[in-house]
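Below: one structure, written as structure tokens.
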Amino acid sequence: MKKTLKITDIIALGFMTFAFFLGAGNIIFPPLAGQLAGENMLPAMSGFLVTAVGLPLIGIIAVAIAGGGWAGLTRDLPSKVATVMAVLIFIIIGPAFAAPRTGLVAYEMAVKPFITDASQTSLTIFSILFFAVALFFAWSRGKLIDMIGKFLTPALFVVLTVLAIAVFVNPQGTIVAAQGDYVTQAFTTGFLEGYNTMDTFAALMFGMLIVDVIRSKGITDDKTTCTYLIYAGLIAATGLAFVYVSLFYLGATSAGIAAGVGNGGAILTTYVMALFGPTGQIILSAIVLLACLTTAIGLISACADYFSTLTPMSYKKWAVLLAVVCAVVANVGLNMLITLSVPVLFALYPVAIALVALTLIRKWLPNPCLAYRVVLLVSFVFSMIDVAKYLKFDMSLFSSLPLFNYGMAWVLPTLIALIITRFVGGNQPNDDDKNSVKI
């Protein structure tokens, strides 16, 4: 008899996925975008939702279609190339950048306001405690769905719901005129702002972790696992959309109390204080701390899970090592690591998007091996133009490329390569059953 999950388990799985995606960065971006968009909030928010919600959801679906793991996503690439790509992505979303940032942001926004004389020592103590708690929850993959999906995330969602209701019932100002690029290019600017969340990376990597959680519940059937993975993605996407819409409206009505603040965190802090008074800082701290913690748990778990497949070290040993590294990085050299990570993100994010697109249309490609190699190579080569521009090299020769000024010079060449390989390349047998990865 084929085993299935209860409705409560499916909802908990979706909540867990939602919590993995919702980090502090996701809470900080929308308020500033909403304030700048002003009266053009709706088109700007629509563009943001496409990249901050749509792409991660499509990424989860791609993981499901591919068989639930990185091996399935990259089966048409040389194994060494696929491994290098995965390692680089995991390093960026794990110990080198995203995971340590969760601890640092949690300290700055949720803890530091309550400390009279904050110092490096207080940050060090907090980092150790924060990542020790994250390690505790990440220790057992089989219990992630119960601990995060049934306890931590509902608490986070309740606090976010309280904030959302308060924002719509008692807005702290009126919506004013749009500013900057939001005046004439609201949708495009919002689209590009959502691109900064980097959640497409997370979707490709969290997909593997979610599959492990599903399997730990006794689900072995491939089709059933794929279905539950898509359900989890849909629930997570719905939750993210709810948060983003609320925070966009918060930002759009914040000009009267937080004009010219310059960053989303300050807008959010000012707004919450205006809504709830001194209690507001406690509410905001709860939101940021829970969001950062659940994301840190997911990142440590996903990284440990993958690295344990490449080395003799077990999942638990990798989890301990990653938690220690994250605690250290959160204290020293983070600004330099952020600076160093930007070029890597510029280089790899287009490749991740191209990989998702290829996975979705793979069965219609006459020669998947050729298509994957050509399209991903084109996306990588043209993304290096954006990398070089960021590093202050003169790349004006390519300024005629669409979206060059937005750091997305790779889009048109990649699309052209995708279209060409859809129709040319000979007929390679495309036996999905033979090539699919069992999960």
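The values are calculated or read from the model by the stated rules, or taken from the named source; none is laboratory data. Everything quoted here is computed from the prediction, not taken from an experiment. FYI the Cβ positions are ideal-geometry reconstructions off the backbone, even for glycines, and counts take in every protein chain you see. When the accessible area is computed, the model is the full protein with side chains, heavy atoms only, and any ligands, DNA or RNA have been set aside. Shrake-Rupley method; radii C 1.70, N 1.55, O 1.52, S 1.80 Å.
Here is a yes/no grid of residues against (1) part of a helix (DSSP H, G or I); (2) modelled with pLDDT of 85 or more:
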| residue | (1), (2) |
| --- | --- |
| 28 | yes, no |
| 37 | yes, yes |
| 76 | no, yes |
| 121 | yes, yes |
| 124 | yes, yes |
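If I filter segment 187-200 for residues that are small (Gly, Ala, Ser), open to solvent by 10 Å² or more (accessible area, probe 1.4 Å) and at pLDDT below 90, do I get at least one hit? Give the derivation first.
Step one: filter segment 187-200 for residues small (Gly, Ala, Ser), giving 190, 194.
Checking which are open to solvent by 10 Å² or more (accessible area, probe 1.4 Å) leaves us with none.
No, every residue in segment 187-200 fails to be small (Gly, Ala, Ser), open to solvent by 10 Å² or more (accessible area, probe 1.4 Å) and at pLDDT below 90.
Is it the case, given these coordinates, that residue 132 is open to solvent by 40 Å² or more (accessible area, probe 1.4 Å) and farther than 25 Å from residue 243 by Cα? Write out each step before concluding.
On the way: open to solvent by 40 Å² or more (accessible area, probe 1.4 Å): yes; farther than 25 Å from residue 243 by Cα: yes.
Spelling it out, residue 132 is indeed open to solvent by 40 Å² or more (accessible area, probe 1.4 Å) and farther than 25 Å from residue 243 by Cα.
Hey, does segment 336-358 have a residue that's open to solvent by less than 20 Å² (accessible area, probe 1.4 Å), in contact with a Gly (Cβ under 6 Å, 6 or more places away or on another chain) and either part of a helix (DSSP H, G or I) or touching a residue at least 40 places away in the same chain (Cβ under 8 Å) (or both)?
yes
Out of the residues in segment 51-63 that are open to solvent by less than 10 Å² (accessible area, probe 1.4 Å) and closer than 16 Å to residue 223 by Cα, state the one that is nearest to the chain's Cα centre (by Cα).
60
Within segment 66-82, track down each residue that is among the aliphatic types (A, V, I, L, M) and crowded, with 21+ Cβ neighbours inside 10 Å.
At the first step, the residues of segment 66-82 found to be among the aliphatic types (A, V, I, L, M) are 66, 71, 73, 77, 81-82.
Within segment 66-82, 66, 73 qualify.
Within segment 228-258, take every residue that is surrounded by 20 or more Cβ atoms within 10 Å (Cβ to Cβ) and of a type in the set (Phe, Trp, Tyr) and give me the one that is farthest from residue 66 (Cα to Cα).
My answer is 249.
Keeping to segment 308-327, report how many residues are touching a residue at least 24 places away in the same chain (Cβ under 8 Å) and either open to solvent by 20 Å² or more (accessible area, probe 1.4 Å) or of a type in the set (Asp, Glu) (or both). Steps first, answer last, please.
The first filter runs over segment 308-327 and keeps only residues touching a residue at least 24 places away in the same chain (Cβ under 8 Å), leaving 310, 315-316, 319-320, 322-327.
Narrowing the set further to residues that are either open to solvent by 20 Å² or more (accessible area, probe 1.4 Å) or of a type in the set (Asp, Glu) (or both) leaves 310, 316, 320, 324-325.
The qualifying residues number 5.
Return the only residue of 244, 249, 231 being touching a residue at least 12 places away in the same chain (Cβ under 8 Å), over 22 Å from residue 155 (Cα atoms) and part of a helix (DSSP H, G or I).
Details: 244 fails: over 22 Å from residue 155 (Cα atoms); 231 fails: over 22 Å from residue 155 (Cα atoms).
Only one candidate qualifies: 249.
Which ones in segment 29-45 are closer than 21 Å to residue 57 by Cβ, open to solvent by less than 40 Å² (accessible area, probe 1.4 Å) and hydrophobic (A, V, I, L, M, F, W, C)? Show your work before the answer.
Pass one, segment 29-45, residues closer than 21 Å to residue 57 by Cβ: 29-30, 33, 42-45.
If we keep only those that are open to solvent by less than 40 Å² (accessible area, probe 1.4 Å) too, we end up with 30, 33, 44-45.
Listed by number, the residues that qualify are 33, 44, 45.
Residues to consider are 21, 48; find the one that is modelled with pLDDT of 90 or more and touching an Asp or Glu at 6+ places or on another chain (Cβ under 6 Å).
Working: 21 fails: modelled with pLDDT of 90 or more.
Unique residue meeting the criteria: 48.
Looking at segment 83-101, which of the residues that are open to solvent by 10 Å² or more (accessible area, probe 1.4 Å), part of a helix (DSSP H, G or I) and not hydrophobic (A, V, I, L, M, F, W, C) is farthest from residue 348 (Cα to Cα)?
Only one residue fits best here, namely 101.
Examine segment 104-113 for a residue that is modelled with pLDDT of 85 or more and of a type in the set (Val, Ile, Thr), and state whether such a residue exists.
yes
Identify the single condition in (1) farther than 29 Å from residue 46 by Cα; (2) at pLDDT below 90; (3) open to solvent by 20 Å² or more (accessible area, probe 1.4 Å) that residue 144 does not satisfy, given that it satisfies every other one.
(3)
Can you find even one residue in segment 213-227 that is acidic (Asp, Glu), in a helix (DSSP H, G or I), closer than 26 Å to residue 65 by Cβ and open to solvent by 40 Å² or more (accessible area, probe 1.4 Å)? Can you show your working first?
Looking only at segment 213-227, we keep the residues that are acidic (Asp, Glu), and these are 221-222.
From what is left, the residues that are in a helix (DSSP H, G or I) are 222.
Next, only the ones that are closer than 26 Å to residue 65 by Cβ stay: 222.
Checking the rest, the ones that are also open to solvent by 40 Å² or more (accessible area, probe 1.4 Å) come to 222.
Yes, because at least one residue in segment 213-227 is acidic (Asp, Glu), in a helix (DSSP H, G or I), closer than 26 Å to residue 65 by Cβ and open to solvent by 40 Å² or more (accessible area, probe 1.4 Å).
Residues that are touching a Gly at 6+ places or on another chain (Cβ under 6 Å): which helices (runs of 4 or more DSSP H) entirely in segment 256-334 hold 2 or more of them? Before the answer, list the steps.
Numbers: elements: 264-276, 279-310, 315-329.
In segment 256-334, 264-276, 279-310 are the helices (runs of 4 or more DSSP H) which contain 2 or more residues that are touching a Gly at 6+ places or on another chain (Cβ under 6 Å).
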